[in-house]
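First the structure, in the form of structure tokens, and then the observations on it.
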Amino acid sequence: MRYSVIVGVVGKTNVGKSTFFSAATLLDVKIENRPFVTTEPNVGIAYVRRRCAHVELGLPACNPRNSVCISGYRFIPIKLYDVPGLIKGAHKGRGLGNKFLDELRQADVLLHVVDMSGSTDEEGNPVRPGYYDPLEEVYTIEEEINEWFYSIIAKDWDKLSRGLDVVPWDEAVSRIHRRVAGLSIRREHVVEALRVAKLESTKPGSWREEELRLFARKLREISKPMVIVANKMDIPEAEDNLKRAMKSLEGRVIVPTSSLYELALRKAAKSSLIRYVPGDPNFEVVDLSKLTEKQRQVLERIRGFMRKYGGTGVQRALDTAIFDVLGMVVVYPVENPTRLSDKDGNVLPDAYLVRRGTTALEVAELVHTELAKGFIAAQIVNRNRKVGADYRVQDGDVIRIISALARG
Ligand SMILES: Nc1nc2c(ncn2[C@@H]2O[C@H](COP(=O)(O)OP(=O)(O)OP(=O)(O)O)[C@@H](O)[C@H]2O)c(=O)[nH]1
Ligand SMILES: [Mg+2]
């Protein structure tokens with residue numbers, strides 16, 4: 001299976017990264033209330049949630065293959081990484097250092113989990129809620145992540161940059177791009193970073209450290225944007241901190257969560273104690289008499305939280321990262337435009353997550369290289385339109401590729 005998006009879960013140590021990861025993937029990983037519990041990255045499959053096209057098109061059902069459809073929502077797989085925690089000075093080797101972040105070279109977006117309750121100190125040790133300022137945490141950890149990125153770019157920069165001043169600007173950009181290609185960075189990211197850093201058409205060979213740092217920071221922000229996961233919102237002290245964060249962390253995307261509650265719900269649903277669709281604002285108890293008094297109390301507390309925040313926030317954090325921040329769209333390739341199915345009659349079998357701006361030809365390539373080679377046109381079935389190779393697909397498009405070369 002191919003995953004079109006890689007999401008990295010990063011943050012200070014002991015803030016709930018592995019809890020978030022476990023809630024999103026239902027994988028059992030080590031979770032404890034002390035620093036540096038995770039020592040090796042965890043990787044798993046999580047899902048983003050979108051209203052399924054079968055509902056939008058008024059069909060009774062679908063037969064998903066590469067994704068799942070639950071209660072009219074299509075859940076599309078993405079790859080999720082949970083990495084060891086950071087502390088201030090990690091780039092100088094403090095704590096577990098930051099070398100493990102290299103696992104995130106391929107990440108498209110980062111979820112920065114923050115302990116919004118302030119119940120862990122600078123080093124991740126448990127303290128009374130409200131003791132530590134989560135705003136400090138946001139700045140400190142962003143700095144560590146930017147340092148990691150800078151160190152990758154700064155490596156061998158002298159050698160590379162010398163040659164850049166004697167070639168045309170376009171070629172210089174291409175060479176910089178090749179240098180950073182292993183970081184899942186596209187050429188337009190480089191162009192945009194140079195533009196916002198006001199370094200266009202300058203001489204990279206003459207950049208001082210300051211300019212290289214600025215370039216690296218902008219490139220990180222553009223190529224690996226971040227969503228702040230304001231975690232542990234179930235602890236009362238977190239609420240005031242969140243309000244402050246919303247005010248002073250302007251320009252950042254913040255999603256309030258309780259990973260602890262989401263994990264409890266997913267486990268309860270797995271044991272058939274409740275019915276819960278991830279991302280829903282509520283859940284349903286299957287049989288009240290099967291619950292202990294303690295379980296009932298916990299579930300009621302969770303229900304109260306969800307009423308206040310519209311859910312636990314875990315699914316929303318993933319959806320925000322993929323749909324709002326990366327601006328990805330979902331398309332449904334089909335072979336039979338009348339039945340909206342593949343050749344075996346499966347209705348809307350595949351949901352593809354693609355970048356906004358992806359063309360019909362690129363979708364054909366994703367489905368099968370042969371289809372793309374013989375590309376004639378595409379039919380956007382739900383809009384009743386015939387389009388060419390350059391058509392940029394829209395969210396929810398059901399697309400049939402008309403090709404001279406049939407699928408092998
Ligand atoms: N109250 C509350 N506690 C949480 C929440 N999420 C995680 N925790 C608790 O925070 C502690 C640390 O959780 P982990 O998931 O291990 O944290 P981590 O960020 O992965 O930590 P390291 O891997 O050690 O860096 C555990 O005791 C969790 O139960 C939450 O949303 N609310
Ligand atoms: Mg962990």
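The values are calculated or read from the model by the stated rules, or taken from the named source; none is laboratory data. Bear in mind that the values here come from a model prediction, so they are computed numbers and not experimental data. Neighbour counts are summed over all protein chains in view; Cβ atoms, including those assigned to glycine, are modelled from backbone coordinates with ideal geometry. When the accessible area is computed, the model is the full protein with side chains, heavy atoms only, and any ligands, DNA or RNA have been set aside. Shrake-Rupley method; radii C 1.70, N 1.55, O 1.52, S 1.80 Å.
Beta bridges from DSSP with both residues in the chain: antiparallel share about 60 percent, rounded to the nearest 5. For region 250-408, the dipole from Cβ point charges (+1 on Lys and Arg, -1 on Asp and Glu) about the Cα centre works out to 420 debye, to the nearest 20. Apply the a/c threshold of 1.5 to the C-alpha gyration tensor of region 254-330 and tell me whether it is rounded, prolate or oblate. Since a/c reaches 1.5 and a/b is larger than b/c, the shape of region 254-330 is classed as prolate. Accessible surface computed residue by residue for region 329-403, with neighbouring protein chains in place and a 1.4 Å probe, gives 46 Å² per residue. In this structure the amide hydrogen of T120, modeled in the peptide plane, comes within under 5 Å of the amide hydrogens of V127, Y132, none closer than 5 places in sequence on its chain.
Projection of the Cα convex hull of region 149-218, averaged over all directions and equal to a quarter of that hull's surface, yields 3.9 nm². Roughly speaking, to the nearest percent, how much of the chain's 1.4 Å accessible area is carbon and sulfur? So the carbon and sulfur contribution to the accessible surface is 48 percent.
Using a cutoff of 8 angstrom between alpha carbon atoms and counting only pairs six or more residues apart, the relative contact order for region 149-218 works out to 44 percent. Look at the alpha carbon pairs under 8 Å that are at least 6 residues apart: their mean separation over the length of the chain gives a relative contact order of 16 percent. Between Q394 and S289, what FRET efficiency follows from the Cβ-Cβ distance if R0 is 41 Å, with the result rounded to 0.05? The value I calculate is 0.25.
Each Lys and Arg Cβ is given +1 and each Asp and Glu Cβ -1; about its Cα centre, the chain then shows a dipole of about 720 debye.
In order along region 347-359, the Karplus-derived 3J(HN,Hα) couplings, from 6.51 cos²θ - 1.76 cosθ + 1.60 at θ = phi - 60°, round to 7, 6, x, 10, 10, 9, 9, 10, 5, 4, x, 5, 8 Hz, and Gly and Pro are given as x. When both region 125-156 and region 12-55 are represented by their alpha-carbon centers, they are found 20 Å apart.
Computed from backbone phi, the HN-Hα couplings of region 283-292 come to 8, 10, 7, 6, 8, 4, 6, 7, 9, 6 Hz, rounded to whole numbers (Karplus: 6.51 cos²θ - 1.76 cosθ + 1.60, θ = phi - 60°; Gly and Pro given as x). Averaging Cα coordinates gives a centre for region 171-247 and one for region 337-377; these two points are 33 Å apart.
Considering only P204, L96, I254, and ranking their Cα positions along the charge dipole of the chain that arises from unit charges at the beta-carbon of Lys, Arg, Asp and Glu, the one farthest toward the positive end is I254. Rounded to whole numbers, the Karplus 3J(HN,Hα) couplings from phi for region 75-88 are 9, 10, x, 9, 9, 10, 10, 10, 10, x, x, 10, 9, 4 Hz, using 6.51 cos²θ - 1.76 cosθ + 1.60 with θ = phi - 60°, and x at Gly and Pro. Once backbone amide H atoms are built at 1.01 Å from N, Y47 has I78 as its partners under 5 Å, excluding neighbours fewer than 5 places away on the same chain.
Sorting 103-116, 186-199 by average packing, meaning the other beta carbons within 10 Å per residue, from highest down gives 103-116, 186-199.
Averaged per residue, region 149-218 has 56 square angstrom of accessible surface, using a 1.4 angstrom probe with ligands and nucleic acids left out. The orientation-averaged shadow of the Cα convex hull for the chain, equal to a quarter of the hull surface, comes to 22.6 nm².
Each peptide among 388-394, 315-321 gets the average number of other Cβ atoms lying within 10 Å of its residues, and from highest to lowest they stand as 315-321, 388-394.
Measuring between their Cα centroids, region 306-329 and region 72-106 lie 19 Å from each other.
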